[in-house]
Amino acid sequence: MTGHPPALALVDGNSFYCSCERVFDAKLERRPVIVLSNNDGCAVARTSEAKALGIKMGQPMFQIRDLCRDNKVAVFSSNYALYGDMSRRMNQIYDSFSPDVEIYSIDESFIDVSKLPVKDRTAWASDLRSTTRQWTGIPTCIGIGPTKTLAKLANKAAKKLPAGVLDLTDPTEQARVMANFPIGDVWGIGRASQAKLLSLGIRYAGQVREMDPKLARQLMTVVGEKIVHELNGIACIALETVAPQRKGCAVTRSFGQRVTMKAEMEQAVAGYATRLGEKLRRHHLATDHVTVFMHTSKFNDDEPQRSVSLTIDIPEATNDSLTLIKAAKRAVDRLWQSGFRYSKAGIITQDLVPPPIPQRALFDNLDHERAAKVMAAMDEANRRWGRATVVPAATMGGPAKGQTFSTKFEMRSPRFTTRWSELPETN
Amino acid sequence: MRISRIVMAPGGMPVPVSSLIALNIPLVGQSVHAGFPSPADDFIEAMIDLNQVLIDNPTATFMWRVVGDCMIDVKIFPGDVVLVDRSRSAKHRSIVLAIIDGEPTLKRLNRRGGVMVLHNENAKLPTFTVAEGTEVSIWGVVTSTIRDLIK
């Protein structure tokens, strides 16, 4: 038996973290809401109202503080206990709708709908969507496609539809939507790849679909080739083989003491790059750029103020700490200016991708492998004996064991669903 | 118990594992004591799980802490915890968690000639009315209350 033509649904929570906050505080429905990353560094979730104000994904909080105050934006620290519990509930609902659910990230799940008759799919998806909304309060969108990449693309396009559901299993419909679907929104096309494609005049997903897979491979490694196949409805990414793709990752800290020396700043940022590498490797992800920022304290407004950031592109996506450190140090080198007392710095990336399988020359391959082994040994040592037991030399003197950088959650909402002492209150 | 696995001692001579380590094997499901088995063995059951008793749909059930006194006539007091099921549809006589102008509040839902009306359950409070243009929605249906009688 050959079975049914493949069809996958991608369901995800709209502005998921913000929506979780709104479930327990209805007054937030009328306000723009954003949720910040660990340490309150930058915006990692935004409602459509917040996006309309121009707040960007991953934008550092210090850049938008005034904007948020002036527009009464509700700003929250990450409340992972709450988001995790709401995610669990949503996936329980998905499980009751299908036996084939793959949790892909905290707010995204792939559901195999191949066995569902084509004519029933949209109704099924609408039912799933309204049940999730009713039972958990979380609004979702659902995209359906023959491959993961097309399901993701359909999901993205569904966000603009009032129905919140889009079935893209039909090739004619695929072509219509992809004709003006920007490449930057295609799953797996990061900033570096985007630039390369744009230089060839390729702006829309439809054009990527028409590309020669070999050319795509030359431009974007094997990932590019897979994207072309996936956009043509040929599945290259199996349900369980893809690591959860995180929308972004950031390591930021406020300094215990103001930093005035370039060497200190280099050490600190190299430390963040190391942590970023650890995080990415733990989740089997990689990035093709890092954004480094540094700024002085607003609380010392009698002192000269400075706030800068710079993004460094990395030619090939990586999670190797040593490469990330190199990129981060280059950013510090460009950004550094003496005469200021810096209070905070950080490193941010977005659009995380699975790490590329090395496709370069033999020597480069060996290098990749060696780097991977060094990183694995470092991670293992740190897991076993505590963080920052083994660190790259560039970070010596940076954030070390026992130092007083601790995560700040200044604006976190109560853990409404997981703590007896923090239940929501009603009259 | 016979141990067949062999390990190498520092001198290179094989030594049976049993002489190096004390084995600690947990016993599951049966007694090693001599004598009669407990007559209760055949009747052992899991503990009563209050989650199972009280919560019909755990996926859609949330807990809220009561802070107001608008429901004291039906014995829902400040400090109580109510279980609220979002998957139940509110019916005539349901006690609901309503959102009125963004504020959560417990109310009795009554049908009056085809129209659903919200009430307080506290004779000392003035009749509850909703002003024109007020946004009202039902967050969920209250299914149980939990009250700590010691504290």
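The values are calculated or read from the model by the stated rules, or taken from the named source; none is laboratory data. Quick caveat: nothing in here was measured; it's all calculated off a predicted structure. Backbone-built Cβ (ideal geometry, glycine too); neighbour counts: all protein chains shown. Heads up: the accessible areas ignore ligands, DNA and RNA and are worked out on the full protein's heavy atoms, side chains in. Shrake-Rupley method; radii C 1.70, N 1.55, O 1.52, S 1.80 Å.
The requirement of being under 30 Å from A:Trp124 (Cα atoms) and of a type in the set (Val, Ile, Thr) is satisfied by A:Val177. Number of residues in the stretch B:109-129 that are within 14 Å of chain A (Cβ to nearest Cβ), open to solvent by 30 Å² or more (accessible area, probe 1.4 Å) and in contact (Cβ under 8 Å) with a residue 24 or more places away in the chain equals 4. The set of residues in the stretch B:59-79 being surrounded by fewer than 19 Cβ atoms within 10 Å (Cβ to Cβ) and more than 8 Å from chain A (Cβ to nearest Cβ) consists of B:Asp69, B:Ile72, B:Asp73, B:Val74, B:Lys75, B:Phe77, B:Pro78, B:Gly79. Restricted to the stretch A:20-38, and to residues there that are open to solvent by less than 30 Å² (accessible area, probe 1.4 Å) and either of a type in the set (Val, Ile, Thr) or more than 14 Å from chain B (Cβ to nearest Cβ) (or both), the residue that is nearest to the chain's Cα centre (by Cα) is A:Ser37.
Pairing residues of the stretch A:327-343 that are over 12 Å from A:Phe293 (Cα atoms) with residues that are open to solvent by 70 Å² or more (accessible area, probe 1.4 Å), at Cβ distances under 6 Å and at least 6 apart in sequence or on separate chains, gives A:Phe340/A:Pro304; A:Arg341/A:Arg258. Being touching a residue at least 24 places away in the same chain (Cβ under 8 Å) and touching a Gly at 6+ places or on another chain (Cβ under 7 Å) holds for only one residue in A:Val11, A:Val23, and it is A:Val23. Residues of the stretch A:39-94 that are farther than 25 Å from A:Phe255 by Cβ, open to solvent by less than 40 Å² (accessible area, probe 1.4 Å) and part of a strand (DSSP E or B): A:Ala45, A:Ala74. Taken together, A:Val222, A:Val228 contain a single residue that is open to solvent by less than 40 Å² (accessible area, probe 1.4 Å), in a helix (DSSP H, G or I) and either among the polar types (S, T, N, Q) or farther than 17 Å from A:Asp288 by Cα (or both), which is A:Val228. Scanning the stretch A:26-52 for residues that are among the hydrophobic types (A, V, I, L, M, F, W, C) and free of Cβ contacts under 8 Å to residues at least 12 places away in the same chain yields a total of 1. Considering the stretch B:80-101, and only residues there that are open to solvent by less than 10 Å² (accessible area, probe 1.4 Å) and under 20 Å from A:Arg133 (Cα atoms), the residue that is nearest to the other protein chains (Cβ to nearest Cβ) turns out to be B:Leu97. Among what's in the stretch A:398-427 and is of a type in the set (Asp, Glu) and modelled with pLDDT of 85 or more, pick the residue that is least open to solvent (accessible area, probe 1.4 Å). Restricting to residues being of a type in the set (Asp, Glu) and modelled with pLDDT of 85 or more, the top hit is A:Glu422. Just checking, does the stretch B:11-27 include any residue being closer than 20 Å to A:Leu423 by Cβ, touching a Lys or Arg at 6+ places or on another chain (Cβ under 6 Å) and either at pLDDT below 50 or not hydroxyl-bearing (Ser, Thr, Tyr) (or both)? Within the stretch B:11-27, not a single residue is closer than 20 Å to A:Leu423 by Cβ, touching a Lys or Arg at 6+ places or on another chain (Cβ under 6 Å) and either at pLDDT below 50 or not hydroxyl-bearing (Ser, Thr, Tyr) (or both). Considering the stretch A:99-116 alone, what residues qualify as being assigned to a loop (DSSP other than H, G, I, E, B) and modelled with pLDDT of 90 or more? Within the stretch A:99-116, A:Val113, A:Ser114, A:Lys115, A:Leu116 meet the criteria.
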